[in-house]
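Where a number appears in this text, it was derived from the coordinates with a stated rule and is not lab data. Because the structure is a prediction, the values reported are computed rather than measured. No Cβ is skipped: glycine too gets one built from the backbone with ideal geometry, and neighbour counts run over all protein chains shown.
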Amino acid sequence: MKAELVRFGVSLEKQLRDNFDTLIRERKYTNRSEALRDLIRRALVQRTWGKGGDVAGAITLIYDHHHRDVLTNVTDIQHDFQKIIVSTQHIHLDHNNCLEIIATRGKAEEVQQLADALTSIKGVRHGTLGMSSTGREI
Ligand code: NI
């Protein structure tokens, strides 16, 4: 089913419009509408995270699996949060380093708590939380 499209006019200072057009070229948007849709969706996703709604996200971790207890701690925490974990992928990057990608879905605060708990483990060198959406509100 195709969504109904609506049109509306936007008034901007010329300088702001010029800067927006530069951004559109840099980010390879095909037109202003596509760029604006993307910006609106980003704001809506941020709002959902801000008000503690249902979200989806991806946590990435980089760690040295030789580091004492790191594997046990990463696993223990994931068991504590198994209700909001959809899947986990473990990639052996090289002899020492592992990449773990954890797909999550749940309340924003819980997903944030999980990301904080994992990235603060001793031996985790880098952790990120990609904040995204369940797709319903965008
Ligand atoms: Ni590994």
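For the chain, set up a GNM with springs between Cα atoms under 10 Å and report which of Asn97, Asn31, Asn73 has the largest fluctuation.
Asn31
Just to confirm the filter: which chymotrypsin sites (Phe, Trp or Tyr not before Pro) across region 14-69 are DSSP coil and have at most 12 other Cβ within 10 angstrom of their Cβ?
Filter output for region 14-69: empty list.
Select from region 1-97 those trypsin sites (Lys or Arg not before Pro) which occupy a DSSP coil region and have at most 14 other Cβ atoms within 10 Å, ordered by residue number.
Those that pass, being in a loop and sparsely packed, are Lys2, Arg7, Arg27, Lys28, Lys51, Arg68.
Taking a virtual spin label 7 Å from the Cα of Asp18 along the C-beta vector, which residues in region 30-48 bring their backbone nitrogen under 20 Å of it?
32
Among Gln15, Gln82, Gln46, which one moves the most in a GNM of the chain with springs linking Cα atoms closer than 10 Å?
Sorting by GNM fluctuation, first place goes to Gln15.
Tell me the trypsin sites (Lys or Arg not before Pro) within region 89-133 that lie in a loop according to DSSP and have at most 16 other beta-carbon atoms within 10 Å.
In loop regions of region 89-133 (DSSP not H, G, I, E or B), the sparsely surrounded trypsin sites (Lys or Arg not before Pro) are Lys122.
For the residue pair Lys28 and Ile62, what label-to-label distance in nm results when each label sits 7 Å from Cα along the Cα-to-beta-carbon direction?
Distance between label points: 2.3 nm.
How far is helix 108-119 tilted, in degrees, relative to the longest principal axis of the Cα atoms in the chain, given as a value from 0 to 90 rounded to the nearest 10?
Long axis of 108-119 versus the principal axis of the chain: about 50 degrees.
Tell me, what is the percent relative contact order of the chain, built from C-alpha pairs under 8 Å that lie six or more residues apart?
31 percent
So if each residue of separation counts as 0.36 nm, and I subtract the Cα-Cα distance between Lys51 and Thr72, what length gain in nm does that give?
4.3 nm
Rank the residues Val86, Val124 as a footprinting-exposure proxy: fewest other Cβ atoms within 10 Å of their Cβ go first.
Ordered from fewest to most neighbouring Cβ atoms within 10 Å, Val86, Val124 come out as Val86, Val124.
What does the helix-only formula give at 222 nm for the chain: each DSSP H stretch with n ≥ 4 adding -39500 (n - 2.57), the total divided by the residues, and the result rounded to the nearest 500 deg cm²/dmol?
The helix contribution divided over the chain gives -13000 deg cm²/dmol.
Angle, helix 14-26 long axis vs. longest principal axis of the chain, Cα atoms, 0 to 90°, nearest 10?
50 degrees
Sort Asp69, Asp38 so the one with the fewest other Cβ atoms within 10 Å of its own Cβ comes first.
Asp69, Asp38
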